[in-house]
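*Asks:* My structure is below; once you've seen it, I'll send some questions.
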Amino acid sequence: MLVELINTGTELMLGRVLNTHQQWICRKLADLGYVVTRQTAVPDTGIDIRQAVMEALSRADLVITTGGLGPTSDDITRDLVAQMLGKGLKEDPEVLAHIRHFFERLRRPMPVRTGIQAMVPEGALVLPNPHGTAPGLAIEVRPNPYRAGGAAAWLVMLPGPPRELRPMFADSVVPLLKRVLPLASPFVCRTLRTAGIGESVVQEKVAGPLAGAVGEGMDLGYCARPGQVDVRLAARGPGAERVVGEAEAIVQEVLGPQIYGIEDEEQETALVRLLASRSLTLALAESCTGGCIANRVTNVPGASAVLLAALVTYSNPAKETFLGVQAETLARHGAVSEPVAREMAEGARRQTRADYALSVTGIAGPGGGTPDKPVGTVFIGLAGPAGTVVEHRMNPWDRETFKQVTAQQALDLLRRTVARAPGN
C-alpha cells in the first residue's frame, strides 16, 4: 500500500513554523502498518497544492493533506480538491451548527466568514472536530482520474493546528483506515526507550542476540534523541507477534535497567509512576537547568503526589539562603562543583523532608567555561535514605540541548537508584 503525505502552508516554507505533522503522522501511520512512501510540503498557492495532490493521487492508495481547511483567504485546499474531482460544495447543517455552538461556548460572536468551513464536497465524509471549527474530510476517489486504469484512492484532508489534527486522526482517521483500507497482513511494532547508554553501544549489545529475529524478517532500528536511544522492533505477517515478542524479551534481558519505558513513554512519566507506587516523595534544586526538570515532572498527571517542592537557585546567594549551601564551599570550590551539588541536594531534602532530592549545577554556555571546567560541565546530586551521590557529566551542547540532556540524566539517576533500592 502506497501512502503519501502533503503538508500545506507558506509558513512551513518560510521556516516560521516547525513541520511537526510530518514526524507525528508518519509515526502514527507506521505504528499501524501504513508506512508513508513520500512526504511533500508546499506553500498555500493553488498551483502548488493542485500539482502536489494530482501527483500523489497518480501514485498512492492513500493521500493525506494537512492545512488549508480554515476560514481565511489562504485556506484553499478544500475548494481546490473539490474542483479537481469535479465535485460541488454543499453546506452541511451539522457542521454549521457545531461552528455556531463553538463560538457560543466561547461567548464570542461568530464571524460570518467562519461559516465557509461548513461547505463540504459532494460525497465526502465529515470528520468531526471537537477542538476547533474546521472539520476534516475524507473522499474515496473512484474512479481516479489521475491514476492509470482509474484505480481508486482515498484522500483525507486534516486541519492544520496540531491540537485539532491529532485527536481527529486518532478518533476518526484510524477507524476509517481500518475499515476502508485494511492491511493484507498483520503488522506489529514495538519501541523500547533507553537512557544512559549511547546509540552505538546499544547496537553492539543487541544486534548479535537479535540476528535470528532479523533473519526471520524483523526490522531492527535505532533512534537517538537527547539523552536517550529508542530501539524499534517491527515485523509483518502471520508470525509478527511472536517474532517481535521474542525480540523484546531479548532486549529487556540484554539492556535491563537501562530501559525506562515502552512506546512513547517519557522518562518523567516512568519516574512519577515508580515513586508513586512506592509512596516516595521528591524535591528538586536546579541551577543550570532553570526549572527544566520541574517542568517535565509536573507535566505528568499525578505528579502532585510525588513532588513536594522545586527550587531554581540560579545565584550563589539563593543557594545559600534557600538550600543552606555554605559560603565557604562556594568560595573554595565554585558553584559548579561536586561539593556544591552535594550540599544543594542535601539542603533540598532537609528543607522539604522529601525521601529523595535531586540537584543540578553546571555551565550551559556558550561562555563561562574554564580549562578546568569547560562549557558543558555539570554535576548531578542525589540525596536519599542511603546517602548522597554526585555524578560528573560533560554535555557540550547548545543551551537548550544541554538542559534537556542534563534533565534526562538526572531523572535517570533517580529512577535507577529507586529501582534498585532495598525493598523495591
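*Asks:* Scan A341, A410, A345, A354 and give me the residue that is part of a helix (DSSP H, G or I), at pLDDT 95 or above, of a type in the set (G, A, S) and within 14 Å of V297 (Cβ to Cβ).
*Replies:* A410
*Asks:* Just a yes or no: is a residue in the stretch 336-344 buried (at least 16 other Cβ atoms within 10 Å of the Cβ) and of a type in the set (G, A, S)?
*Replies:* Yes, the conditions are met somewhere in the stretch 336-344.
*Asks:* Which ones in the stretch 30-58 are charged (D, E, K, R), surrounded by 16 or more Cβ atoms within 10 Å (Cβ to Cβ) and within 30 Å of D264 (Cβ to Cβ)?
*Replies:* Residue satisfying the conditions is D31 alone.
*Asks:* Can you tell me which residue is farthest from the chain's Cα centre (by Cα) among those in the stretch 233-272 that are surrounded by 15 or more Cβ atoms within 10 Å (Cβ to Cβ) and of a type in the set (D, E, K, R)?
*Replies:* Among those that are surrounded by 15 or more Cβ atoms within 10 Å (Cβ to Cβ) and of a type in the set (D, E, K, R), it is E246.
*Asks:* While we're on this one: Only residues that are assigned to a helix (DSSP H, G or I) and over 20 Å from the mean Cα position of the chain (by Cα): list them for the stretch 291-322, please.
*Replies:* S304, A305, N316, P317, A318, K319, E320, T321, F322
*Asks:* Same structure, new question: Filter the stretch 357-401 down to residues that are at pLDDT 95 or above and among the aromatic types (F, W, Y), then give me how many there are.
*Replies:* Matching residues across the stretch 357-401 total 1.
*Asks:* So if I check each of T66, T114, T8, which one is among the hydroxyl-bearing types (S, T, Y), under 24 Å from R179 (Cβ atoms) and crowded, with 16+ Cβ neighbours inside 10 Å?
*Replies:* After ruling out the rest, the residue left standing is T66.
*Asks:* Return the only residue of T65, T114 being of a type in the set (S, T, N, Q) and not in a helix (DSSP H, G or I).
*Replies:* Answer to the check: T65.
*Asks:* For the stretch 183-196, give me each residue that is over 27 Å from Y34 (Cβ atoms) and either of a type outside the set (A, V, I, L, M, F, W, C) or modelled with pLDDT under 90 (or both).
*Replies:* Passing the criteria: only G196.
*Asks:* With (1) in contact with a strand residue (DSSP E or B) (Cβ under 6 Å, 6 or more places away or on another chain); (2) outside any helix (DSSP H, G or I); (3) over 30 Å from F187 (Cβ atoms) as the list, and V325 as the residue in question, which single condition is left unmet?
*Replies:* V325 satisfies all of (1) in contact with a strand residue (DSSP E or B) (Cβ under 6 Å, 6 or more places away or on another chain); (2) outside any helix (DSSP H, G or I); (3) over 30 Å from F187 (Cβ atoms) except (1).
*Asks:* Additional query: Do the conditions hold for V188, that is, is it closer than 25 Å to M394 by Cβ, within 25 Å of the chain's Cα centre (by Cα), touching a residue at least 24 places away in the same chain (Cβ under 8 Å) and not in a loop (DSSP other than H, G, I, E, B)?
*Replies:* no
*Asks:* Right, something else. Are any residues in the stretch 123-147 farther than 17 Å from V53 by Cβ, in contact (Cβ under 8 Å) with a residue 40 or more places away in the chain and either touching a strand residue (DSSP E or B) at 6+ places or on another chain (Cβ under 8 Å) or not hydroxyl-bearing (S, T, Y) (or both), and if so, which ones?
*Replies:* Residues satisfying the conditions are L125, L127, P128, A134, P135.
*Asks:* So, in the stretch 196-232, of the ones that are touching a residue at least 40 places away in the same chain (Cβ under 8 Å) and over 25 Å from the mean Cα position of the chain (by Cα), which residue ends up surrounded by the fewest Cβ atoms within 10 Å (Cβ to Cβ)?
*Replies:* Among those residues, the one meeting the criterion is P209.
*Asks:* Taking the condition over 16 Å from L165 (Cβ atoms) and out of contact with any Leu (no Cβ under 8 Å at 6 or more places or on another chain), does K28 pass?
*Replies:* no
The values are calculated or read from the model by the stated rules, or taken from the named source; none is laboratory data. Please read all numbers here as calculations on a predicted model, not as lab measurements. Glycine gets a Cβ as well: all are built from the backbone with ideal geometry, and neighbour counts include every protein chain shown.
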